[in-house]
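For reference, the structure I am asking about is given below.
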Amino acid sequence: MPNFITSYLGSTLTPGSAGSQFWALIYVLIIFTGVSVAVMAMNWLERKALAHFQIRLGPMRVGPHGLLQPIADAIKLALKEDIIPAEADQFVFWIAPLIGLLAAFTVYTVIPFGPSQAVSDMNIGVLFMLGVSSLGVLGIVVAGWASNSHYPLIGALRSSAQMVSYEVAMGLAVISAVLMTSMKSGTGTLSMIGIVQAQQEQHVWFIFQFFPLGLLAFVIFAIAMVAETNRAPFDMAEAESELTAGYHTEYSGLRWSLFMLAEYAAMISVSSIAVALWLGGWMRPFPNLLHAPAWDLIFSLFPGLTFVGLAAIAFIGTVRMPAYSFFKIQRIGLAVFAALLGFLALLLLVIAVAGRSADASVAARFNQGIGYVYWFVFKVAVFMYLFIWYRATWPRYRFDQLMKIGWKVMLPISLGVLVLTAIVGVIVS
Amino acid sequence: MSVHGNDRTNDVSNLELETPETPYLDANELIINMGPQHPATHGVLRVILKLDGEKVLGTECVIGYLHRGVEKIAENRTYTMFNPYVDRMDYVAAVSNGLGYCEAVEKLMNVEAPPRAQYIRVILTELNRMASHQLWLGTHALDIGAMTPLFYTFRDREEILKIFERYCGARLTTHAFRIGGCQYETYAGFERDVKNFLTFVAPKIDEYEELLTTNRIWLERTKNVGVISAADAVALGVTGPVLRASGVQWDLRKAQPYAAYSKFDFEIPTGENGDTYDRYLVRMAEMRQSLRIIEQAVNTIPEGPIMGKVPKVIKPPVGEIYHSIEAPKGELGYFIVSDGSTQPYRLRVRPPSFVNLQALDVMVRGLLVADVIAVIGTLDIVLGEVDR
């Protein structure tokens, strides 16, 4: 077994490309559980961060600082009565959340957490990603239709209109990033890993390439991805104050939670696309400028230090917890949580120090892998925070205004960016 | 259009609707019920919407889900006993309701509250106007999708409610005034509390404005939405900020000064376009004007008794009276017919929300569903007052 693992760790290919089905399966399982846990964490974080934006405390009761709230919610939702309205189209109603979920999770097959840390390195990765992630809208449309109810129907209509107006601009923005990959090597690539490697070769994140063209394309994508995932300020498909709950008005319990799971998974996946295409994917900041071994060590300490920070926050929370006996269990729980985070931090720091040499030892490979995943997840986390921030700050666009922005502002700009990128690219090379 | 009683069912056959210009495209209009259980109808308002896609072809309001028969109750209570009931109409501006009622009965009895009581009334009423506008702002912004202002306004409204609580023990349904004056003298530190509140809240209003006034999405959602012309507004009997936003400078505090309002210097903010954005601006300006009034009142509050010469048993002479005040939502009028007994023969309330609600149909025709929500929010209705 150790041999088996080291043989894998020595590989520079993704399991999909290397043809190792066993490792591919392991990766799928890791990503599935990882994303599910991330969704739960995101759920807690969103409620907490949103609460703090709004001078509230957010969940405080279930577990220390509400840490167990997502689990409690999941249990509650799973145990709820499974209601399918009598007038609904039973089969379609049943399958709609699954479509959304499947689309949201399938995208993760091509998301490059590192040069070999992905399920597969598909040569049409970007195309696959765009195609599959927009399938998620089908789930929404179908759910709204199958509910056989007015509000969900309007929500579904809005969602489909939204998709039509944003997919185009989004696609064009992506193409301009793909165009940039052909700059040095002369041949572009649609592979997600290839795109990040192209940024590595060109020594620039594509967001800064041909300034401001890369930035513009990125901004367009960043707006379109909010619309794509139906988040505020483009959340009219589920606009609470207008359509009660939009397309999932008739859904409850487990099916509803599947929609939520799909929505959050989609948020993470589109953020991943943005990170891979424009923000250097798994690369740490300035990999070419600061490439001395000392810098390598410093940057490889970041994952450990992040966990040290989290452990410190949890520890401060433990200390600041009121001294009533009522809080005793919560206090112990939070202390254990802090200890766990501290242990993880220690582990990561040990790996960082042990694997500081650039040889191909297991520790070094491990260290590298952790670095890749850490920087990727860190950048994605910034986007997730932005999603929460948007929601706390902005009112909701109206449906026709959203279409107007999509067609009259974003489409022309993204077309222009695409054409200019091509021209500048030809001139420069 | 109209506002109907509760006996209406889903029958919309007599909704006056325009025939579509392209009848062959008129496949199926969608009739949906917005409310009575809906997160954005501010209570139990039911609006039957006739939609073409998302475009609103017509609306019909069905009200009465919160009808408690306040006016009938008045006939079976003495004048004093009825006083707390008026707080339950517009429960977010209970002080204004109480002021209107007390002044109406005082006018009927030909007594006047002493100056100190008048000042206390003005201070509390203006504080209540602030609270009402803050609540409106929070819920209106929430309807349009901005969640955060709600919590900011609730945080600041809390300070007003604390002052009420210290003054009379109640936060919402205050029953602060009595016929002939006020029951309670101000507590020690009342003036300090009010002054502290003034300095506390002025920057907070800037904070709300920072979030919304120049926010691009807010502008797009509110400009030219739910426009009502001055002529239409007057014809429909619309009052309050909704009327003033259409450019009519009509405020009962200036037009027919009551309480001590004639002694204070303040302006009547007006709008120009009569759209949702102007109504927003007018209310924001009104909050600042309220601060001005409170400041003047609290600085010049006279000493003296707080209760006028009112008999123990209130028995107004035979007659009738109509007295109206400028409540936060518009003209709040009380029409009282007295038969000389201890109970009103008939009491009729002219609630601003009820009358303003009639403008809904005029304002939303041709707009989209999302705008209906914005317009309901901007009308600032309280169903407790609409249904009574």
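Quick check on this structure: which one of B:293, B:336, B:325, B:321 is in a helix (DSSP H, G or I) and either free of Cβ contacts under 8 Å to residues at least 12 places away in the same chain or under 23 Å from the mean Cα position of the chain (by Cα) (or both)?
Criteria check complete, one pass: B:293.
Say we look at the stretch B:36-48 and pick out the residues that are at pLDDT below 85 and within 12 Å of chain A (Cβ to nearest Cβ); which of these is surrounded by the most Cβ atoms within 10 Å (Cβ to Cβ)?
Taking the candidates together, the pick is B:40.
Here are A:85, A:112, A:97: which of them is touching a residue at least 60 places away in the same chain (Cβ under 8 Å) and surrounded by fewer than 21 Cβ atoms within 10 Å (Cβ to Cβ)? Don't jump to the end; show me each part of the working.
Working: A:112 fails: surrounded by fewer than 21 Cβ atoms within 10 Å (Cβ to Cβ); A:97 fails: surrounded by fewer than 21 Cβ atoms within 10 Å (Cβ to Cβ).
Answer to the selection: A:85.
Let me ask something else. What helices (runs of 4 or more DSSP H) completely inside the stretch B:166-272 contain at least 1 residues that are acidic (Asp, Glu) and modelled with pLDDT of 85 or more? Show your work before the answer.
Numbers: elements: B:190-212, B:216-222, B:230-236, B:241-245, B:252-255.
Output list reads B:190-212, B:216-222, B:230-236.
Taking the criterion of being within 14 Å of another protein chain (Cβ to nearest Cβ), within 15 Å of the chain's Cα centre (by Cα) and surrounded by 23 or more Cβ atoms within 10 Å (Cβ to Cβ), would at least one residue in the stretch B:149-162 satisfy it? Please lay out each step first, then the result.
Step one: filter the stretch B:149-162 for residues within 14 Å of another protein chain (Cβ to nearest Cβ), giving B:149-159.
Filter once more, so that each one left must be within 15 Å of the chain's Cα centre (by Cα): none.
No.
Six or more apart or on different chains, Cβ atoms under 6 Å: show the pairs whose first residue is in the stretch A:381-409 and more than 10 Å from every other protein chain (Cβ to nearest Cβ) and assigned to a helix (DSSP H, G or I) and whose second is of a type in the set (Gly, Ala, Ser) and surrounded by 16 or more Cβ atoms within 10 Å (Cβ to Cβ).
Once the first residue is more than 10 Å from every other protein chain (Cβ to nearest Cβ) and assigned to a helix (DSSP H, G or I) and sits in the stretch A:381-409, its partners that are of a type in the set (Gly, Ala, Ser) and surrounded by 16 or more Cβ atoms within 10 Å (Cβ to Cβ) give A:383/A:271; A:388/A:49; A:390/A:232; A:403/A:165; A:406/A:165; A:407/A:165.
So which residues in the stretch B:139-148 are buried (at least 24 other Cβ atoms within 10 Å of the Cβ) and assigned to a helix (DSSP H, G or I), if there are any at all?
Residues satisfying the conditions are B:140, B:141, B:143, B:144.
Taking residue A:322 and the conditions (1) in a helix (DSSP H, G or I); (2) farther than 28 Å from residue A:298 by Cα; (3) not acidic (Asp, Glu), which numbered condition does it fall short on, given that it satisfies the others?
So residue A:322 meets the others, but not (1).
Only one residue in A:329, A:316, A:351, A:298 is at pLDDT 85 or above and in a helix (DSSP H, G or I). Which one? Before you say what the answer is, go through the steps one by one.
Values: A:329 fails: at pLDDT 85 or above; A:351 fails: at pLDDT 85 or above; A:298 fails: at pLDDT 85 or above.
Exactly one residue qualifies, and that residue is A:316.
Considering B:288, B:292, B:283, which residue is of a type in the set (Lys, Arg), surrounded by fewer than 22 Cβ atoms within 10 Å (Cβ to Cβ) and touching a Phe, Trp or Tyr at 6+ places or on another chain (Cβ under 7 Å)? Before you say what the answer is, go through the steps one by one.
Details: B:288 fails: touching a Phe, Trp or Tyr at 6+ places or on another chain (Cβ under 7 Å); B:283 fails: surrounded by fewer than 22 Cβ atoms within 10 Å (Cβ to Cβ).
B:292 is the lone residue from the list that is of a type in the set (Lys, Arg), surrounded by fewer than 22 Cβ atoms within 10 Å (Cβ to Cβ) and touching a Phe, Trp or Tyr at 6+ places or on another chain (Cβ under 7 Å).
Given the criterion crowded, with 21+ Cβ neighbours inside 10 Å and not charged (D, E, K, R), identify the matching residue among A:177, A:161.
A:177
Next up: Tell me which residues, restricted to the stretch A:115-129, are over 23 Å from residue A:367 (Cα atoms) and either surrounded by fewer than 21 Cβ atoms within 10 Å (Cβ to Cβ) or more than 17 Å from the chain's Cα centre (by Cα) (or both).
First, the residues of the stretch A:115-129 that are over 23 Å from residue A:367 (Cα atoms): A:122-129.
Those that are over 23 Å from residue A:367 (Cα atoms) and either surrounded by fewer than 21 Cβ atoms within 10 Å (Cβ to Cβ) or more than 17 Å from the chain's Cα centre (by Cα) (or both): A:122, A:123, A:124, A:127, A:128.
Which condition number in (1) within 17 Å of the chain's Cα centre (by Cα); (2) away from chain A (no Cβ under 14 Å); (3) touching a residue at least 60 places away in the same chain (Cβ under 8 Å) is the one that residue B:137 fails?
(2)
Taking residue A:419 as the residue in question, decide whether it is under 27 Å from residue A:210 (Cβ atoms), of a type in the set (A, V, I, L, M), within 14 Å of chain B (Cβ to nearest Cβ) and without any contact (Cβ under 8 Å) to a residue 24 or more places away in the chain.
On the way: under 27 Å from residue A:210 (Cβ atoms): yes; of a type in the set (A, V, I, L, M): yes; within 14 Å of chain B (Cβ to nearest Cβ): no; without any contact (Cβ under 8 Å) to a residue 24 or more places away in the chain: yes.
So residue A:419 fails the test.
Here's something else I'd like to know. Looking at the stretch A:204-234 only, could you name the residues that are within 12 Å of chain B (Cβ to nearest Cβ) and at pLDDT 80 or above? Don't jump to the end; show me each part of the working.
Initial filter on the stretch A:204-234 (within 12 Å of chain B (Cβ to nearest Cβ)): A:231-234.
A:231, A:233, A:234, listed by residue number.
Take residue A:372 and tell me if it is within 14 Å of chain B (Cβ to nearest Cβ), among the hydroxyl-bearing types (Ser, Thr, Tyr) and part of a helix (DSSP H, G or I).
Details: within 14 Å of chain B (Cβ to nearest Cβ): no; among the hydroxyl-bearing types (Ser, Thr, Tyr): yes; part of a helix (DSSP H, G or I): yes.
For residue A:372, the condition - within 14 Å of chain B (Cβ to nearest Cβ), among the hydroxyl-bearing types (Ser, Thr, Tyr) and part of a helix (DSSP H, G or I) - is not met.
Condition check ((1) surrounded by fewer than 24 Cβ atoms within 10 Å (Cβ to Cβ); (2) within 14 Å of chain A (Cβ to nearest Cβ); (3) in contact with a strand residue (DSSP E or B) (Cβ under 7 Å, 6 or more places away or on another chain)) across all residues:
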{"residue": "B:57", "(1), (2), (3)": "yes, no, yes"}
{"residue": "B:62", "(1), (2), (3)": "yes, no, yes"}
{"residue": "B:67", "(1), (2), (3)": "yes, no, no"}
{"residue": "B:80", "(1), (2), (3)": "yes, no, no"}
{"residue": "B:84", "(1), (2), (3)": "yes, no, no"}
{"residue": "B:95", "(1), (2), (3)": "no, no, no"}
{"residue": "B:107", "(1), (2), (3)": "yes, no, yes"}
{"residue": "B:121", "(1), (2), (3)": "no, no, yes"}
{"residue": "B:132", "(1), (2), (3)": "no, no, no"}
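If you check residue B:270 against the conditions, is it in contact (Cβ under 8 Å) with a residue 12 or more places away in the chain, polar (S, T, N, Q), within 17 Å of residue B:247 (Cβ to Cβ) and surrounded by fewer than 23 Cβ atoms within 10 Å (Cβ to Cβ)? Steps first, please.
Details: in contact (Cβ under 8 Å) with a residue 12 or more places away in the chain: yes; polar (S, T, N, Q): yes; within 17 Å of residue B:247 (Cβ to Cβ): yes; surrounded by fewer than 23 Cβ atoms within 10 Å (Cβ to Cβ): yes.
Spelling it out, residue B:270 is indeed in contact (Cβ under 8 Å) with a residue 12 or more places away in the chain, polar (S, T, N, Q), within 17 Å of residue B:247 (Cβ to Cβ) and surrounded by fewer than 23 Cβ atoms within 10 Å (Cβ to Cβ).
When residue B:368 is evaluated against the numbered criteria (1) surrounded by fewer than 24 Cβ atoms within 10 Å (Cβ to Cβ); (2) modelled with pLDDT of 90 or more, which criterion, by number, is the only one it fails?
It is condition (2) that residue B:368 fails.
Which members of the stretch A:84-123 meet the condition of being assigned to a loop (DSSP other than H, G, I, E, B) and either under 28 Å from residue A:254 (Cα atoms) or among the β-branched types (Val, Ile, Thr) (or both)?
So in the stretch A:84-123, the residues assigned to a loop (DSSP other than H, G, I, E, B) come out as A:84-89, A:111-123.
The answer is A:84, A:85, A:86, A:87, A:88, A:89, A:111, A:119.
Can you name every residue in the stretch A:48-73 that is within 18 Å of residue A:259 (Cα to Cα) and surrounded by fewer than 18 Cβ atoms within 10 Å (Cβ to Cβ)?
Hits for the stretch A:48-73 are A:71, A:72.
The values are calculated or read from the model by the stated rules, or taken from the named source; none is laboratory data. On a predicted model such as this, the values are computed, not experimentally measured, just so you know. Note: ideal-geometry Cβ built from the backbone for every residue, glycine included; neighbour counts use all protein chains shown.
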